[in-house]
Amino acid sequence: MAENYTNFGIGPVAYPLKMVSQEVVEHMLGWNIPEEHQDLVHEHWRNFPAVSKYWHYCLALIYTMLMVTSLTGNGIVIWIFGTSKSLRSASNMFVINLAVFDVMMMLEMPLLIMNSFHQRMLGYQLGCDIYAILGSLSGIGGAITNAVIAFDRYKTISCPLDGRINKIQAALLIAFTWFWALPFTILPAAKIWGKFVPEGFLTTCSFDYFTDDQDTKVFVACIFVWSYCIPMALICYFYSQLFGAVRLHERMLQEQAKKMNVKSLASNKEDASRSVEIRIAKVAFTIFFLFVCGWTPYAFVAMTGAFGDRSMLTPVATMIPAVCCKIVSCIDPWVYAINHPRYRAELQKRIPWLGVREADPDTASTTTSVATNQTSSQADA
């Protein structure tokens, strides 16, 4: 039987269609996945050429550096916040919880590094599920923890006397963050609603946002609202209330200072302590900003895959948001190192070779109060 030939418009040489077909398959994404696991790869990815092994090696190197940086930074946060008496407060329990979620995200990294060297998902569906479960728990849990931190900062600063959260309430809120992350982790993992599939270079996994049916579209819309919109709305609300309370307090101080014919009333211990709280709020707001930068691109990719122009979602375009999320989990602990006064003081005591310079806030407040009292006594004399 005669074979069919084609020249594909490249000259007089003709090639058997069977040979050309095999050559094309071997150079498209998913070509190295066994036939029995081909259902893992969505047809969208088969339209792109296979990624060069050097891109995989480069990604493995990037993720190795991110893993070391994150584990070091978040490990120090958990160690210092968990063992220092001056930092063992209800509010800082949320900081530890965020660091735990960030460490959990980094547990994906060994899987991805091994996948990059094999240029496919090791373990196929099981490996994909493990990777995606870690990512889902850490991502959704970190998002709602940011909202809880914003709520705590709002309560602490706007109601300093009776608004502080105690340790029992903090423990309940931390349990709430873990329960919040469970539904959209368990449902796709158990294939009850949605599923986890490879994406991008086919070495990472996330929830399916490409299957073109109503069930998948509703799932994507719900997880978008649950894990992105609701935490974002809560964070924006609490920080807007917090900054409103701070502005009101500053205005009251200024008016009182004018009545007393002095420049400022912020020289006593209470106001110095409040200043420290405001610095901590700035830290929390910075981490929220990083959360927005890290997860907005991923939310855009998921919504585009389900409802938008999928041609924009190339393998490289979908890997960039994943890298952004990992970078944010690395930066979080160092933001605390830069801005949290008591944390900086503990770093100076325990790891002096880091070169951190920070006076103990409690000592500084006491010194300020003593100096103020001495000045007042001299003025009376």
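No lab work stands behind these numbers, since they all come straight from the coordinates. Just so it is clear, the model here is predicted, and its values are computed rather than measured. With ideal geometry, Cβ positions are generated from the backbone for all residues, glycine too; neighbour counts draw on all protein chains shown.
A few points about this structure:
- Karplus (6.51, -1.76, 1.60) ³J(HN,Hα), θ = phi - 60°, over the stretch 94-104, in Hz, Gly and Pro reported as x: 5, 5, 4, 4, 5, 5, 5, 4, 5, 5, 4
- Given charges at beta-carbon only (K, R positive; D, E negative), |dipole| of the stretch 171-267 in Debye: 760
- Too-long pairs where the Cα-Cα distance tops 26 Å, listed order kept, from LYS53/LYS326; LYS195/LYS326; LYS85/LYS282; LYS155/LYS349; LYS167/LYS282: LYS155/LYS349
- Derived scalar couplings ³J(HN,Hα) [the stretch 144-158; Karplus, 6.51 cos²θ - 1.76 cosθ + 1.60; whole Hz; x for Gly, Pro]: 6, 5, 4, 5, 5, 4, 4, 4, 5, 5, 4, 5, 5, 7, 7
- Ranked list, fewest to most other Cβ atoms within 10 Å of each Cβ, for HIS37, HIS42: HIS37, HIS42
- Positive contributions from Lys and Arg (+1) and negative ones from Asp and Glu (-1), summed over other residues with Cβ under 12 Å from the Cβ of VAL95, come out at 0.
- log₁₀ of I(q)/I(0) at q = 0.10, 0.11, 0.19 Å⁻¹ - the stretch 25-179, Debye sum with one point per alpha carbon: -0.51, -0.59, -1.14
- Residue order, fewest to most beta carbons within 10 Å, for SER311, SER227, SER91: SER311, SER91, SER227
- Contour excess over end-to-end distance, with Cα ends at ARG350 and THR72 and 0.36 nm allotted per residue: 98.6 nm
- When you filter the trypsin sites (Lys or Arg not before Pro) in the stretch 38-107 for DSSP loop state and at most 16 other Cβ atoms inside 10 Å of their Cβ, you are left with ARG88.
- When VAL77, VAL292 are sorted by how many other C-beta atoms sit within 10 angstrom of their C-beta, beginning with the fewest, the order is VAL292, VAL77.
- Restricting the stretch 148-192 to trypsin sites (Lys or Arg not before Pro) in coil, as DSSP defines it, with at most 11 other Cβ within 10 Å: LYS191
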